[in-house]
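One structure is given below, encoded as structure tokens.
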Amino acid sequence: MTSLYSMAFLDFTNEKSSVSFPCATPSGAAFDFDAFVATLDAIGDAVAAVSLCTRGKESALVDVAAGSVSLPSDAHAQREVGLRVFYHDTTTNKKYHLTIPGPDLDTIGTQGYDDVDWSITELAALETALEANMLSPVGNAIEVDSGRIVGRRS
């Protein structure tokens, strides 16, 4: 697997551009994060040295699993339906949401209702996993507020 390192640039007329490079995917228990960042910085420094634009945001997209290319066997596995999870940053109280495609409505849906019941085992596990492992876009802890079944244009 190959990961992707991206650099954003800003030009004199306030237009943005970016360039991306495949890079090694971190792996193993003894992975050295500092060495990985140093490698990306070396690429970034070399690129910035040949550009007149202002160096902006840099990010690395790291593949954690190859994933399957097999189609789901259930015809109800459609991206047009989603489980929208509403949450807030526990420090700033700013509200956010994410949408999980193709929810299993037989498992988490309540017929006739769009709101989901977080006491359902799978949803309770999702809430626990998100609150324990996810951060808000500004890096703070989050708390799940609610969830709804939504359509694609909701």
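The table for this structure:
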item	result
Acute angle (nearest 10 degrees) that the helix 121-133 long axis makes with the longest principal axis of the chain, alpha-carbon atoms	30 degrees
Listed residues Thr13, Ser51, Thr2: farthest to the positive end of the dipole of the range 2-61 (Cβ charges)	Thr13
Longest segment of the chain lacking GluC sites (Glu not before Pro) that sit in a DSSP loop with at most 14 other Cβ atoms within 10 Å	81-154
Karplus (6.51, -1.76, 1.60) ³J(HN,Hα), θ = phi - 60°, over the range 36-50, in Hz, Gly and Pro reported as x	4, 5, 4, 5, 5, 4, 5, 5, x, 5, 5, 5, 4, 5, 10
Under 12 Å, Cβ to Cβ, from Tyr87 - net charge with Lys/Arg +1 and Asp/Glu -1	-2
In the range 15-107, the trypsin sites (Lys or Arg not before Pro) that fall in loop regions by DSSP, at most 16 other Cβ within 10 Å	Arg79, Lys94
Difference of contour (0.36 nm per residue) and Cα-Cα distance, Asn140 to Gln78	19.1 nm
Cross-link partners of Lys16 among lysines (Cα-Cα below 22 Å; sequence separation of 8 or more within a chain)	Lys57
Amide H contacts of Tyr5 (H built 1.01 Å from N, under 5 Å, at least 5 apart or other chain)	Phe21, Cys23, Leu61
Within-10-Å neighbourhood charge of Asp74 [Cβ basis; K, R +1; D, E -1]	-2
Added length on full extension, which subtracts the Cα-Cα distance from 0.36 nm per residue, Leu52 to Leu98	12.9 nm
At R0 = 35 Å, FRET efficiency that the Cβ-Cβ distance of Ala129 and Ile43 yields, to 0.05	0.55
Sites excluded, chymotrypsin sites (Phe, Trp or Tyr not before Pro) in DSSP loops with at most 11 other C-beta within 10 Å, longest stretch of the chain	32-154
Within the chain, helix-based [θ] at 222 nm, where runs of 4 or more DSSP H residues each add -39,500 (n - 2.57), nearest 500	-6500 deg cm²/dmol
Radius 12 Å from Cβ of Asp106, net charge of other residues (Lys, Arg +1; Asp, Glu -1)	-3
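Coordinate-derived values only; no laboratory data. Note that the structure is predicted; figures quoted are calculated from it, not measured. Cβ: placed from backbone, ideal geometry, glycine included. Neighbour counts: every protein chain shown.
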